[in-house]
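Student: Here's a structure for you.
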Amino acid sequence: MTLTVRTDHRVSEALAQYCVQTKQTKSDVVKLALAEYLAKQALPKPTVWDSVKDLVLALEVESAQADPDLPVLQARDRKKHLSDYYAERHAKRRTDRRRSADRAV
């Protein structure tokens, strides 16, 4: 695909000088710069779930095959489970802090 970009004189001169020094074409430099910009600014960033999704789903399939009687957690079940877990953890920490404060008094 062809793309034409108008730049001011200073940018054009700097690009030309950079290309001579690095022995790269203007097209290669612009393509690389645009790809880096888009990777940092415009494209959606991967989430933690994206990085572990395959592993989690594979483990669920493996556990379901190992013991078909165990229920496979659906997304809403995972959300409820995590919500309950963190609520319980928060309540425990709150209780521990109160106990520590009572001992200090």
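The values are calculated or read from the model by the stated rules, or taken from the named source; none is laboratory data. Bear in mind that the values here come from a model prediction, so they are computed numbers and not experimental data. All Cβ positions, even for glycine, are placed from backbone atoms using ideal geometry, and neighbour counts span all protein chains on display. SASA here: full protein model, heavy atoms, side chains in, ligands and nucleic acids out. Shrake-Rupley method; radii C 1.70, N 1.55, O 1.52, S 1.80 Å.
Student: Against the longest alpha carbon principal axis of the chain, how many degrees, from 0 to 90 and to the nearest 10, is the axis of helix 26-37 turned?
Tutor: The angle comes out near 20 degrees.
Student: Can you pull the Rg over Rh of the chain, Cα-only, Kirkwood?
Tutor: Details: Rg = 27.4 Å, Rh = 20.4 Å.
So for the chain, dividing Rg by the Kirkwood Rh gives 1.35.
Student: To the nearest 0.05, how large is the calculated FRET efficiency for Tyr37 and Leu57 if R₀ is 30 Å and r is the Cβ-Cβ distance?
Tutor: Details: r = 33 Å, r/R0 = 1.09.
That gives a FRET efficiency of 0.35.
Student: Something else about it: Report the gain in length on full extension from His90 to Thr47: 0.36 nm times residue separation, minus Cα-Cα distance, nm rounded to one decimal.
Tutor: This chain segment gains 13.1 nm when fully extended.
Student: Report, to the nearest whole %, how much of the accessible area of the chain belongs to carbon and sulfur atoms, 1.4 Å probe, protein only.
Tutor: Ligands and nucleic acids excluded, carbon and sulfur give 58 percent.
Student: So, for the chain, what is the accessible surface per residue at a probe of 1.4 Å, expressed in square angstrom?
Tutor: For the chain, the per-residue accessible area is 96 Å².
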